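This is the structure I want to talk about, given as structure tokens.
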Amino acid sequence: MTIIFRYCIYHSFKMQLTRVASFLVRGHSVSRSGAVLIKNSYCVSAVRDSTALLYRRHGEPSQAVQLESLHLTQVGPESVLVKMLAAPINPSDLNMIQGTYALLPELPAVGGNEGVGQVMEVGDKVKALKVGDWVIPRDAGVGTWRTAAVLKADDLVTLPKDIPVLSAATLGVNPCTAFRMLTDFEELKPGDTVIQNAANSGVGQAVIQIAAAKGIQTINVIRDRPDLQHLSDRLTALGATHVITEETLRRPEIKELFKSCPRPKLALNGVGGKSATELLRHLHGGSMVTYGGMAKQPVTVPVSALIFKDVKIRGFWVTQWKRDNKHDEDALRSMLDELCVLIRAGKLSAPACTEVSLQDFRKALENAMKPYVSTKQVFVM
Ligand SMILES: NC(=O)c1ccc[n+]([C@@H]2O[C@H](COP(=O)([O-])OP(=O)(O)OC[C@H]3O[C@@H](n4cnc5c(N)ncnc54)[C@H](OP(=O)(O)O)[C@@H]3O)[C@@H](O)[C@H]2O)c1
């Protein structure tokens, strides 16, 4: 006898947001996300509405974004219905809403570029996904700040369900960026050194952990703050070799540090401005890779870095990497698999997160823009 295994998620805690119209139940269990997973049941019909954080104009995120109810389209043959579980607020999401990012969706648009969801219904022609799978967007621009969405199956990639939901929700952008930057620019061996600014950022925390897992030392530059020791201890616990402030990086005594660790081969710049120039001073050859510009200041390169040290000035954008590797399924899959191995081994944890509901979006968006917060706002649906 053929048994049709279909799963239907019944999100009991926030039912006012997500309506499950009708279903037949044969047993249920609680998933990692806290949602009640009803197994072996046949979904006659599933979620038809979604609550979304939408913006109709560019502007200040906490003002431009609205919580709205959207009617979901039918699941077509090549699409799937996804119930979102968790989705972070990243700086690029804020820049998109502000209208300052390199990639801008047509308006109105749902905010959010990354997050993890669970497949609830699949179209007839979908082969790569099944009901119950955890999925993340393959590319930017999907709009993840919503309770549910009907998406093209080809735009999604599966993740194993044995990793924490917050790790899954934050895996596709920052750890992938960290992984590529540590892999694609310089040949790094155990014992080599990498220097980075914004070391407490999501990317920075992933760099620390992935580097530590490979035996690579990290010099981690952060901005001074009242709770500096607490943050420094947290980054050290993640595997940071050295944690120093921007001010310490500028002092002559910094030379002492290089008596105990080799000069960096790679500098990772997520800030720009003076901070980037200071990183460059410590490269004798090697590459500086700019991936972010949190200070909104241009990068100034001293001519001596180019003439006498032949430092390579490079850039990286994970979205471009994913697009360039769109037809090489193994490239993305093998990176995600490697990162999941680190997660399961306890060597790569999600960034420090503050979980918020979609309803609390204004506060969350404001907090995401504040300096010295050191925790990522994550919508949990
Ligand atoms: N190119 C890519 O593919 C790629 C991929 C992922 C992320 N990014 C970029 O990388 C950057 C970090 O992203 P994330 O998600 O990791 O960030 P995040 O977790 O939100 O952390 C933001 C970081 O930026 C620092 N910061 C904020 N304003 C600053 C300023 N004026 N000067 C110096 N540092 C400042 C914060 O330090 P404090 O704690 O001191 O405020 C914190 O370390 C963003 O620019 C993002 O767009 C790029």
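The values are calculated or read from the model by the stated rules, or taken from the named source; none is laboratory data. Predicted model only: the values in this text are computed from it and were never measured. Methodologically, a virtual Cβ is constructed for each residue, glycine included, from the backbone with ideal geometry; neighbour enumeration extends over all protein chains shown.
Does segment 74-96 contain at least one residue that is within 16 Å of the ligand (Cβ to nearest atom), of a type in the set (Val, Ile, Thr) and either touching an Asp or Glu at 6+ places or on another chain (Cβ under 9 Å) or without any contact (Cβ under 8 Å) to a residue 40 or more places away in the chain (or both)? Step through it out loud before you land on a result.
At the first step, the residues of segment 74-96 found to be within 16 Å of the ligand (Cβ to nearest atom) are 86-96.
Next, from what is left, pick out any that are of a type in the set (Val, Ile, Thr): 89.
Filter once more, keeping what is either touching an Asp or Glu at 6+ places or on another chain (Cβ under 9 Å) or without any contact (Cβ under 8 Å) to a residue 40 or more places away in the chain (or both): none.
Taking every residue of segment 74-96 in turn, none turns out to be within 16 Å of the ligand (Cβ to nearest atom), of a type in the set (Val, Ile, Thr) and either touching an Asp or Glu at 6+ places or on another chain (Cβ under 9 Å) or without any contact (Cβ under 8 Å) to a residue 40 or more places away in the chain (or both).
Let me ask something else. Where the second residue is exposed (fewer than 15 other Cβ atoms within 10 Å of the Cβ) and among the charged types (D, E, K, R) and the first is in contact (Cβ under 8 Å) with a residue 24 or more places away in the chain and lies in segment 102-113, which pairs have Cβ atoms under 7 Å and are six or more apart or on separate chains?
Short answer, once both residue conditions are applied: 107/56; 107/57; 108/56.
Now a separate question. Name every residue in segment 353-371 that is among the small types (Gly, Ala, Ser) and either in the same structural domain as residue 215 (by TED's automatic domain parsing) or assigned to a helix (DSSP H, G or I) (or both), in order of residue number.
Taking segment 353-371 first, the residues among the small types (Gly, Ala, Ser) are 357, 364, 368.
Residues satisfying the conditions are 364, 368.
Also, I was wondering about something else. Kindly evaluate residue 347 against the criterion of being touching a residue at least 60 places away in the same chain (Cβ under 8 Å), assigned to a loop (DSSP other than H, G, I, E, B) and among the basic types (Lys, Arg). Before you say what the answer is, go through the steps one by one.
Values: touching a residue at least 60 places away in the same chain (Cβ under 8 Å): yes; assigned to a loop (DSSP other than H, G, I, E, B): yes; among the basic types (Lys, Arg): yes.
Yes, satisfied.
In segment 296-310, which residues are surrounded by 13 or more Cβ atoms within 10 Å (Cβ to Cβ) and either polar (S, T, N, Q) or under 16 Å from residue 272 (Cβ atoms) (or both)?
Filtering segment 296-310 for residues surrounded by 13 or more Cβ atoms within 10 Å (Cβ to Cβ) gives 297, 299, 301-302, 305-306, 309.
Passing the criteria: 297, 299, 301, 302, 305.
How do the helices (runs of 4 or more DSSP H) wholly within segment 222-337 filter down when requiring 2 or more residues that are of a type outside the set (A, V, I, L, M, F, W, C) and within 27 Å of residue 139 (Cβ to Cβ): which remain? Walk me through how you get there before you give the answer.
Values: elements: 228-238, 246-250, 254-260, 273-281, 303-307, 318-324.
Filter on segment 222-337 gives 318-324.
Can you run down the residue pairs with Cβ atoms below 6 Å, 6 or more apart or on separate chains, where the first is in segment 301-325 and under 20 Å from residue 112 (Cβ atoms) and touching a residue at least 40 places away in the same chain (Cβ under 8 Å) and the partner is hydroxyl-bearing (Ser, Thr, Tyr) and within 16 Å of the ligand (Cβ to nearest atom)?
318/177
Applying the selection to segment 313-367, what residues are among the polar types (S, T, N, Q) and within 15 Å of residue 170 (Cα to Cα)? Let's see the steps before the verdict.
First pass over segment 313-367, keeping only residues among the polar types (S, T, N, Q): 319-320, 325, 334, 349, 354, 357, 359, 367.
Listed by number, the residues that qualify are 319, 349, 354.
Follow-up. Could we say that residue 218 is surrounded by 20 or more Cβ atoms within 10 Å (Cβ to Cβ), away from the ligand (no atom under 12 Å from the Cβ), among the β-branched types (Val, Ile, Thr) and farther than 30 Å from residue 83 by Cβ here?
Spelling it out, residue 218 is indeed surrounded by 20 or more Cβ atoms within 10 Å (Cβ to Cβ), away from the ligand (no atom under 12 Å from the Cβ), among the β-branched types (Val, Ile, Thr) and farther than 30 Å from residue 83 by Cβ.
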